[in-house]
Amino acid sequence: MPELTPGQFQLVYNLLSLTVATMFASGLFFFGSRAHVAHRYRPALLVSAMVVWIAGYHYFRIFQSWDGAYTVGEEGNYVASGKFFNDAYRYADWLITVPLLLVELVAVMALAKSEARPLLNKLVIAAILMIALGYPGEISDNTTTKFIWWAASMVPFLYIYAALFSKMGPVIAANPGRVGSLLALARNVLIVTWIFYPVSFLAPVLGLGGSAGEVALQVGYTIADITAKAGFGVVIYMIAAARTEAEGGLVEGAHPQPA
Ligand SMILES: *C/C=C(C)/C=C/C=C(C)/C=C/C1=C(C)CCCC1(C)C
């Protein structure tokens, strides 16, 4: 772990702490919002809640690990304590949450089962490959090794982008109005926020060495996670609500009244 100034250490420390709070709070919102959408879209909100709760747990562990990995040195700077900083929590988290984010998106696309299944299978396999191929590069200190695994991981990454464009285009076109524009927003939020990951991955090798590289990587991944999980979940909720309204609102009997 590179030596950090107090400001650098605290920036990451506070951001990790804020992320724990954001993830748990948004999970409560997604869970509670299920009652406002039609039955068909409730699983999408449940999955949104699961994603941010899983991430909240992992952020809590990353926060503890970050705190433990540093100690205050003689000159007041933060130096490695000798305890291991476990960055693998991120990859373990992504391995579960990235496929679930794709489940959320496909669920609100409201495709026929015969179309949704094969699409989801392809996306999930690509997502798992993308993360598994990135990990050996993440833990390597060798620039060439990092670039090789980065390039390998970019293949399934770009495949996911291509698949989303080709599959979502017709669905967006078939839903003029609010539902279509929200679906386009969900796709754009995904596409923009996911770019942060391969870029942050490269921060330590693209001129940002040492402490600045480590801080840029932690800040980049964390901001991306908040937007790609909590922010994305809000858009998924908006789509589910707009679809519910377009389909005639909550049907009678969805909320059984006490006799
Ligand atoms: C909530 C977590 C999300 C949405 C994580 C997404 C992660 C990626 C899109 C990661 C992509 C990577 C590459 C395309 C190349 C370098 C290695 C990765 C795994 C950082």
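The values are calculated or read from the model by the stated rules, or taken from the named source; none is laboratory data. Predicted model only: the values in this text are computed from it and were never measured. Cβ sites come from the backbone with ideal geometry, for glycine too, and all protein chains shown count toward neighbours. Side chains are part of the model used for accessible areas, which takes the heavy atoms of the whole protein and leaves out ligands, DNA and RNA. Shrake-Rupley method; radii C 1.70, N 1.55, O 1.52, S 1.80 Å.
Which one of the conditions (1) more than 14 Å from the ligand (Cβ to nearest atom); (2) exposed (fewer than 14 other Cβ atoms within 10 Å of the Cβ) does Leu158 fail to meet, given that it meets all the rest?
The number of the failed condition is (1).
Can you say whether Val124 is open to solvent by 40 Å² or more (accessible area, probe 1.4 Å) and under 30 Å from Ser181 (Cα atoms), as far as the supplied structure shows? Show your work before the answer.
Details: open to solvent by 40 Å² or more (accessible area, probe 1.4 Å): no; under 30 Å from Ser181 (Cα atoms): yes.
So Val124 fails the test.
Yes or no: the stretch 34-42 includes at least one residue that is without any contact (Cβ under 8 Å) to a residue 60 or more places away in the chain and either outside any helix (DSSP H, G or I) or surrounded by fewer than 15 Cβ atoms within 10 Å (Cβ to Cβ) (or both).
There is no residue in the stretch 34-42 that is without any contact (Cβ under 8 Å) to a residue 60 or more places away in the chain and either outside any helix (DSSP H, G or I) or surrounded by fewer than 15 Cβ atoms within 10 Å (Cβ to Cβ) (or both).
Scan the stretch 1-19 and report the pairs whose first residue is crowded, with 19+ Cβ neighbours inside 10 Å and whose second residue is acidic (Asp, Glu) and in a helix (DSSP H, G or I), with Cβ atoms within less than 8 Å and a gap of 6+ or a chain change.
If the second residue must be acidic (Asp, Glu) and in a helix (DSSP H, G or I), the pairs left are Leu4/Glu214; Thr19/Asp225.
Considering only the stretch 96-115, how many residues are more than 13 Å from the ligand (Cβ to nearest atom), in a helix (DSSP H, G or I) and surrounded by fewer than 17 Cβ atoms within 10 Å (Cβ to Cβ)?
Adding up the residues that qualify gives 3.
Give the residues of the stretch 62-87 that are in a helix (DSSP H, G or I) and either within 11 Å of the ligand (Cβ to nearest atom) or surrounded by 15 or more Cβ atoms within 10 Å (Cβ to Cβ) (or both), sorted by residue number.
Result: Ile62, Phe63, Ser65, Trp66, Asp67, Ala69.
Give me the helices (runs of 4 or more DSSP H) completely within the stretch 127-236, filtered to those with at least 3 residues that are within 24 Å of Val20 (Cα to Cα), ordered by residue number. Spell out the reasoning first.
Values: elements: 143-174, 178-202, 210-225.
Fully inside the stretch 127-236 and qualifying: 178-202, 210-225.
Being in contact (Cβ under 8 Å) with a residue 40 or more places away in the chain and closer than 19 Å to Thr97 by Cα, is that true of even one residue in the stretch 143-154? If you could, list the steps in order and put the result at the bottom.
The initial filter retains those residues of the stretch 143-154 that are in contact (Cβ under 8 Å) with a residue 40 or more places away in the chain, namely 143, 146-147, 150, 153-154.
The next check asks that each one be closer than 19 Å to Thr97 by Cα; those that pass are 153-154.
Yes - at least one qualifying residue is present in the stretch 143-154.
Quick one: Leu129 ticks every box in (1) without any contact (Cβ under 8 Å) to a residue 12 or more places away in the chain; (2) open to solvent by 80 Å² or more (accessible area, probe 1.4 Å) bar one, so which box is it?
All conditions are met except number (1).
If you take the residues of the stretch 194-212 that are within 13 Å of the ligand (Cβ to nearest atom) and open to solvent by 40 Å² or more (accessible area, probe 1.4 Å), which of them is modelled with the lowest pLDDT? Let's see the steps before the verdict.
The first filter runs over the stretch 194-212 and keeps only residues within 13 Å of the ligand (Cβ to nearest atom), leaving 194-206.
Among the residues that remain, those that are also open to solvent by 40 Å² or more (accessible area, probe 1.4 Å) are: 195-196, 199, 204, 206.
On the way: Ile195: 95, Phe196: 92, Val199: 91, Pro204: 77, Leu206: 80.
For the stretch 194-212, the residue satisfying everything is Pro204.
Kindly indicate whether Gly180 is more than 16 Å from the ligand (Cβ to nearest atom), of a type in the set (Gly, Ala, Ser), in contact with a helix residue (DSSP H, G or I) (Cβ under 7 Å, 6 or more places away or on another chain) and open to solvent by less than 70 Å² (accessible area, probe 1.4 Å). Show your work before the answer.
Values: more than 16 Å from the ligand (Cβ to nearest atom): yes; of a type in the set (Gly, Ala, Ser): yes; in contact with a helix residue (DSSP H, G or I) (Cβ under 7 Å, 6 or more places away or on another chain): yes; open to solvent by less than 70 Å² (accessible area, probe 1.4 Å): yes.
For Gly180, the condition - more than 16 Å from the ligand (Cβ to nearest atom), of a type in the set (Gly, Ala, Ser), in contact with a helix residue (DSSP H, G or I) (Cβ under 7 Å, 6 or more places away or on another chain) and open to solvent by less than 70 Å² (accessible area, probe 1.4 Å) - is met.
Which of (1) near the ligand (Cβ under 10 Å from one of its atoms); (2) surrounded by 18 or more Cβ atoms within 10 Å (Cβ to Cβ); (3) under 24 Å from Phe30 (Cα atoms) does Thr227 not meet, given it meets every other one?
Of everything listed in (1) near the ligand (Cβ under 10 Å from one of its atoms); (2) surrounded by 18 or more Cβ atoms within 10 Å (Cβ to Cβ); (3) under 24 Å from Phe30 (Cα atoms), Thr227 misses just condition (2).
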